[in-house]
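Working notes, structure below.
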Amino acid sequence: MSRGRGELTPLDKRIMKTISQNINTLLEQQKVTQAELSKKTGIPKSTLTSYVKGTSLPVVTNITKIARFFGLEVSDIDPRFKQPSEIEAQLLLHFQALSVDQQQLVITYVKKIEDSNR
């Protein structure tokens, strides 16, 4: 899996998985087929299939078309558009104040916490 300008990051992969889950849930709940969604939004079937399978990262215009079709906000489908919570904003401010080496230590620590929760 890659994006147009390079390799996908672990964050890109998590975002693709979330978007895939969200689209699949909407299709099931609304009893809409991928073919219907493709026809109504103008998104090519192959492109939509890659979003549904979680193998490509959707462009903003296509996420917008999907959200409009379902009567939702873009942020309901794509986590890249969610506003950070107060605690997320605070964490980001503190993180940005750190040196690159310190940021890497934080990332390593968070990964260890994630691994211990699995």
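The values are calculated or read from the model by the stated rules, or taken from the named source; none is laboratory data. Nothing here was measured: the structure is a model prediction, and the numbers come from that model. Note that we place each Cβ from the backbone using ideal geometry, even for glycine, and neighbour counts take in every protein chain shown. In case anyone asks, the SASA skips ligands and DNA or RNA and just uses the protein heavy atoms, side chains included. Shrake-Rupley method; radii C 1.70, N 1.55, O 1.52, S 1.80 Å.
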Review point. Do any of K13/K111; K45/K65; K13/K53; K13/K39; K17/K53 go past 18 Å between their Cα atoms, and which?
Key: K13/K39
Exercise for review: Starting from the Cα-Cα distance between T33 and V110, subtract it from 0.36 nm times their residue separation and give me the gain in nm to one decimal.
Suggested key: 23.9 nm
**Study point:** Difference of contour (0.36 nm per residue) and Cα-Cα distance, K45 to Q90
**Key:** 12.1 nm
Point to revise | Debye log10 I(q)/I(0) at q = 0.27 Å⁻¹ for the range 13-79, Cα point scatterers | key: -1.40
Practice item. Please work out the average accessible area per residue across the chain, using the 1.4 Å probe convention, and give it in Å². Key: 73
Study note, to complete from the structure: Expressed as a percent, the accessible surface of the chain that is carbon or sulfur, using a 1.4 Å probe and the full set of protein chains, is 54
Check your understanding: Considering only L105, Q30, N117, whose Cα is most displaced toward the positive end of the charge dipole of the range 23-118, charges sitting on Cβ of Lys, Arg (+1) and Asp, Glu (-1)?
Key -> Q30
Review point. Dimensions of the range 27-118 along principal axes (Cα, Å, largest first)?
Key: 49, 26, 23
Exercise for review: Calculate, in nm to one decimal, what R118 and E7 gain on full extension: separation in residues at 0.36 nm each, minus their alpha carbon distance.
Suggested key: 37.4 nm
Check your understanding: Among L11, L26, L93, whose mean-square fluctuation peaks in a Gaussian network model of the chain (Cα, cutoff 10 Å)?
Key -> L93
Revision key, fill the gap. Checking rank on 101-113, 55-67, with mean other Cβ inside 10 Å and highest first, the result is 55-67, 101-113
Exercise for review: Please report, in debye to the nearest 20, how large the charge dipole of the chain is about its Cα centre when each Lys and Arg carries +1 at its beta carbon and each Asp and Glu carries -1 there.
Suggested key: 540
